[in-house]
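Asker: Mind having a look at this structure? Questions to follow.
Values quoted throughout were computed directly from the atomic coordinates according to the rules given, and no laboratory measurement underlies them. These numbers come from a predicted model, not from an experiment. In this analysis, Cβ positions are derived from the backbone assuming ideal geometry, glycine residues included, and neighbour counts consider all displayed protein chains.
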Amino acid sequence: MRILLTNDDGIHAPGIHALWNVFDGWADLFVVAPEGERSATGHGITVHEPIRVEKLQFSNPHFHGWAVKGTPADCVKLALEELMQEPPDIVISGINRGPNLATDVLYSGTVSAAMEGMIYGFPSMAVSIASWKDCDYDYAAKVTKEICIKITEKGLTPDTLLNVNIPDLPEEKIQGIKVTKLGNRRYQNIFDKRVDPRGRTYYWMAGEVKDIDYSEGTDIGAIKEGYISVTPIHFDLTNYPILEGVRGWFNKSE
C-alpha cells in the first residue's frame, strides 16, 4: 500500500504528523506538502516562478518526504509527475485545522489537493477537524485510517473524492458517521478596514461565518449534531437542469 500525504497547513503541522504515525507500518508513506502554511489557496498552481523542493531525511525506510515551496495542488502534481517512482493507491490531504464545509471547499487548499489527486484518477480524501484550537489529531487520524480501509475495500469512483469533517468533540461524544451533501455558508463583515502607520488604507480579510443551509443531510448539519461528515464530491460544476434552456438562447431557429 502506497499513500501520498499532503496538506495546506505545512509539512510540519501536527495534523500531517498524526497521519504519519497512524499509517506507520501499514503503508509506505510519501509526504509531499508545502514548506509552510498555504491555507485558503484554493486550487492555485505556480506557473510564474520556479517550484523549489527539499528532500527530507527519515530513518524509517517506509517514509519519504519532500517540502515544497508551492501550493497544495503543486505538491500533488509534483508527487505524481516527478517525485514518486510508482503511483499511490490513495491520496490523503490533511488533517486540516479548521472545518472545510459547504462552499468553503471552493477556497480550501486541503480539498483542492485531494481534488488534484482525483483529477489524476486516484482515490482521494480530504480530512479536517471542525476546530481551530485543541484539535484531537490522534482521533481524527484513526478515523482517517478507518475510512481509508473502506475505500480500499469498497473502491471509489475515479471522479469522486471524500471530504471528511470531524466535530470538535471528545471521541466518546461523537455520534457516528453521516454521509452528507454540501451545505451552504457565507461570510459577513468580511473586511476589516485599517490604516497603516503611513496613513495608507488597507483591508484585512476575516469575516464571521453565517450558515445558510444546515438542514438534515448537509455536512454542516451533521457537524452541529455531533456526527462525522463524509461528503462525496466531484468537480463537474455544470448546471444540468438549465443546460437545455441556455442552449435555446443560441438556437438560430427561434
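Asker: Please list, short to long, the whole-number percent of alpha-carbon pairs of the chain in consecutive 5 angstrom bins beginning at zero.
Answerer: 1, 6, 13, 17, 18, 15, 11, 8, 5, 3, 2, 1, 0, 0, 0
Asker: Going by Cα centres, the stretch 18-80 and the stretch 199-254 are how many Å apart?
Answerer: With the stretch 18-80 and the stretch 199-254 each reduced to a Cα centre, they are spaced 29 Å.
Asker: Bins of 10 Å, beginning at zero and ending with the bin holding the largest distance: percent of Cα pairs per bin for the stretch 74-197, please.
Answerer: P(r) for the stretch 74-197, in whole percents per bin: 12, 39, 32, 13, 4, 1.
Asker: What FRET efficiency would be calculated for the residue pair Asp213, Glu171, taking the C-beta separation as r and a Förster radius of 35 Å, to the nearest 0.05?
Answerer: E between Asp213 and Glu171, to the nearest 0.05, is 0.80.
Asker: Same structure again: Give the span of the stretch 135-249's Cα atoms along each principal axis, as three whole-Å numbers ordered largest to smallest.
Answerer: 60, 53, 26
Asker: Taking N as the number of residues in the stretch 6-77, what value does Rg over Cα atoms divided by 2.2 N^0.38 Å take?
Answerer: In units of the 2.2 N^0.38 Å rule of thumb, it is 1.10.
Asker: Additional query: Which one of Gly94, Gly36, Gly25 has the biggest mean-square fluctuation once the chain is modelled by GNM with Cα springs under 10 Å?
Answerer: Gly25
Asker: Could you give me the ³J(HN,Hα) list for the stretch 221-237, computed from phi with Karplus coefficients 6.51, -1.76, 1.60 and θ = phi - 60°, whole Hz, x at Gly and Pro?
Answerer: Using θ = phi - 60°, the values come out as x, 4, 4, 4, 8, x, 9, 6, 9, 10, 10, x, 10, 9, 9, 6, 8 Hz.
Asker: Can you give me the orientation-averaged projected area of the convex hull built on the Cα atoms of the stretch 142-181, in nm²?
Answerer: 3.5
Asker: Check the straight Cα-Cα distances from Lys150 and name the lysines below 23 Å, setting aside those fewer than 8 residues away within the same chain.
Answerer: Qualifying lysines at Cα under 23 Å: Lys142, Lys173, Lys178, Lys181.
Asker: Can you divide the C-alpha Rg of the stretch 39-136 by 2.2 N^0.38 Å and report the result to two decimal places?
Answerer: After normalising by residue count via 2.2 N^0.38 Å, the value is 1.11.
Asker: Output ³J(HN,Hα) for the stretch 5-14: one whole-Hz value per residue in order, computed from phi by the Karplus curve 6.51 cos²θ - 1.76 cosθ + 1.60 with θ = phi - 60°, and x for Gly and Pro.
Answerer: 9, 8, 6, 10, 8, x, 5, 9, 5, x
Asker: Using the reciprocal of the averaged 1/r over all distinct C-alpha pairs, how large is the Kirkwood radius of the stretch 192-242 in Å?
Answerer: Mean inverse Cα-Cα distance, inverted, gives 15.2 Å.
Asker: Sum up the charges of everything whose Cβ sits under 10 Å from the Cβ of Ala102, counting Lys and Arg as +1 and Asp and Glu as -1, but leave Ala102 out.
Answerer: Value of the local net charge: -1.
Asker: Using Cα springs under 10 Å in a Gaussian network model of the chain, which residue among Val53, Val195, Val68 shows the largest mean-square fluctuation?
Answerer: So, out of Val53, Val195, Val68, the one fluctuating most is Val195.
Asker: What ³J(HN,Hα) values, in whole Hz, does the Karplus curve 6.51 cos²θ - 1.76 cosθ + 1.60 give for the stretch 242-252 when θ = phi - 60°, with x put for Gly and Pro?
Answerer: Whole-Hz 3J(HN,Hα) from phi for the stretch 242-252: 10, 4, 5, x, 5, 4, x, 4, 10, 7, 5.
Asker: Given H placed 1.01 Å from N in the peptide plane, which residues other than close sequence neighbours of Val31 have an amide H under 5 Å from its amide H?
Answerer: Leu5, His64, Gly65, Trp66
Asker: For the stretch 90-155, report the convex hull volume of the alpha-carbon atoms normalised per residue, in Å³, without decimals.
Answerer: Considering the Cα atoms of the stretch 90-155, their hull volume per residue is 76 Å³.
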